[in-house]
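For reference, the structure is listed below as structure tokens.
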Amino acid sequence: MPSPRYFLNHFMPFTGYPYTGAPTACNLCGGHESVTVAETDRRLKTLRSIACVQCGLIRTDPMPTPAELAEYYAHAYRADYQLAFAGGPPRHHLNRSAREAAFRANLLAPMLHPGARLLDFGSGSGEFLAAARARGCEAVGVEPGRDYAAYARAHHGVEVLEDAGDDRFEPGTFDVITTHHVLEHLRDPADVMERLARWLKPDGVLYAAVPNMAATGKPPHERFHFAHVHGFVRDTLDLTARRAGLVPHADYWREDTTVVYRKAAEPAGAIAAPGLAERLAAELRPMPAAAYLASGAWIWPMVRRNAKAVRDTFAPR
């Protein structure tokens, strides 16, 4: 169980998170010029988010260092993000993951045939790996969270690696690569997308899904929190894929930032989205934290999140 200091550091409103960080260039385009999008997150804690003026990609500023992120994911992330205090995945996560795995397997069904080689980058508790293997695929996952990786191996009997650097797989190894709600957690999402694209066969597909920062029906405060060091909209996810030599696959359904990509036939153009950063700053900037708290607008999102967790905890599997 986390210590009282943990709760103070990660849940107390109007305070900062326990990290120092450092300014960084945009990982997508290398730009340094930015505009501020938000100064607080969904817990009304101090967290500055900026958008790159050249391409529009949102990032935390200052960016946590690699060591600070490693410390966070080793000791705080699962409890902070999924209320997993006892090591393994909680039931509400397993139920959500099972539903998402079925959706992803149905979407990618044309490629999930016996003998197809599949990589799930950020495989969590292994439900999608199990679904792919049930269809005859040779599936392997990458999951740095040791408790979740261990759960996937023990409960689903799947192969899960705890890391995968640039040289872990040969170019053109996989027919299918998936990465579901992973890129937003990474300091270098565009670099990772390039690595995944290298591992993809020429006629393979890459499924990528990230939270959509431009989604409607959610107060701006709800879109920012420490676990997500990058924020995407449809334009910036496609630019990230384009830099990696990928374009949306016309044969597959997409919903904004849930996309199936294929390898592009032509070289990538300029990685830029003029005016996007300014538009995001105008659309996403939250009201001042004190005003938001006084308004009571935070009550319904909190109730909704808790109700969803309760529902998913007791839903039949």
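The values are calculated or read from the model by the stated rules, or taken from the named source; none is laboratory data. As the structure is a prediction and not an experimental result, all values here were calculated from the model. Note that we place each Cβ from the backbone using ideal geometry, even for glycine, and neighbour counts take in every protein chain shown. SASA here: full protein model, heavy atoms, side chains in, ligands and nucleic acids out. Shrake-Rupley method; radii C 1.70, N 1.55, O 1.52, S 1.80 Å.
Among the residues of the stretch 197-208, is there at least one that is part of a strand (DSSP E or B), open to solvent by 30 Å² or more (accessible area, probe 1.4 Å) and either basic (Lys, Arg) or within 19 Å of residue 99 (Cα to Cα) (or both)?
For the stretch 197-208, residues part of a strand (DSSP E or B), open to solvent by 30 Å² or more (accessible area, probe 1.4 Å) and either basic (Lys, Arg) or within 19 Å of residue 99 (Cα to Cα) (or both): present.
Look through the stretch 31-82, keep the residues that are touching a Pro at 6+ places or on another chain (Cβ under 6 Å) and of a type in the set (A, V, I, L, M), and return whichever of them is modelled with the lowest pLDDT.
Only one residue fits best here, namely 79.
Let me spell it out: the conditions are (1) under 16 Å from the mean Cα position of the chain (by Cα); (2) open to solvent by 40 Å² or more (accessible area, probe 1.4 Å), and residue 133 meets all of them except one. Which number is the exception?
Of the numbered conditions (1) under 16 Å from the mean Cα position of the chain (by Cα); (2) open to solvent by 40 Å² or more (accessible area, probe 1.4 Å), the odd one out for residue 133 is (1).
From the list 227, 214, 134, 154, which residue is aliphatic (A, V, I, L, M) and touching a Ser or Thr at 6+ places or on another chain (Cβ under 9 Å)?
Only one candidate qualifies: 214.
From the set of residues in the stretch 33-66 that are within 17 Å of residue 273 (Cβ to Cβ) and among the β-branched types (Val, Ile, Thr), which is surrounded by the most Cβ atoms within 10 Å (Cβ to Cβ)?
Across the stretch 33-66, the extreme among qualifying residues is 58.
Among (1) within 17 Å of the chain's Cα centre (by Cα); (2) free of Cβ contacts under 8 Å to residues at least 24 places away in the same chain, where does residue 167 come up short?
The one condition residue 167 does not meet is (1).
Considering only residues of the stretch 190-225 that are modelled with pLDDT of 90 or more and acidic (Asp, Glu), which is farthest from residue 237 (Cα to Cα)?
Ranking the candidates gives 203 first.
Just to be sure I understand the filter: pairs with C-beta atoms under 9 Å, separated by 6 or more residues or on different chains, first member in the stretch 94-105 and free of Cβ contacts under 8 Å to residues at least 24 places away in the same chain and of a type outside the set (Ser, Thr, Tyr), second member part of a helix (DSSP H, G or I) and open to solvent by 10 Å² or more (accessible area, probe 1.4 Å). Which pairs pass?
99/127
Given 260, 247, which one is free of Cβ contacts under 8 Å to residues at least 60 places away in the same chain, touching a helix residue (DSSP H, G or I) at 6+ places or on another chain (Cβ under 8 Å), of a type in the set (Val, Ile, Thr) and farther than 30 Å from residue 13 by Cβ?
Testing whether each residue is free of Cβ contacts under 8 Å to residues at least 60 places away in the same chain, touching a helix residue (DSSP H, G or I) at 6+ places or on another chain (Cβ under 8 Å), of a type in the set (Val, Ile, Thr) and farther than 30 Å from residue 13 by Cβ leaves just 247.
Scanning the stretch 135-154 for residues that are of a type outside the set (Val, Ile, Thr) and touching a strand residue (DSSP E or B) at 6+ places or on another chain (Cβ under 6 Å), which turns out nearest to residue 106 (Cα to Cα)?
137
Based on this model, can you work out whether residue 268 counts as assigned to a helix (DSSP H, G or I), surrounded by fewer than 17 Cβ atoms within 10 Å (Cβ to Cβ) and at pLDDT 65 or above?
Here the answer is no, as residue 268 does not meet what is asked.
Can you name the number of the only condition in (1) at positive phi; (2) crowded, with 17+ Cβ neighbours inside 10 Å that residue 30 fails?
Failing condition for residue 30: (2).
Just to verify a result, which residue in the stretch 165-194, among those that are in a loop (DSSP other than H, G, I, E, B) and in contact with a Leu (Cβ under 8 Å, 6 or more places away or on another chain), is most open to solvent (accessible area, probe 1.4 Å)?
By that ranking, first place goes to 168.
Looking at 279, 262, which one is assigned to a strand (DSSP E or B), open to solvent by 40 Å² or more (accessible area, probe 1.4 Å), farther than 16 Å from residue 26 by Cβ and modelled with pLDDT of 90 or more?
262
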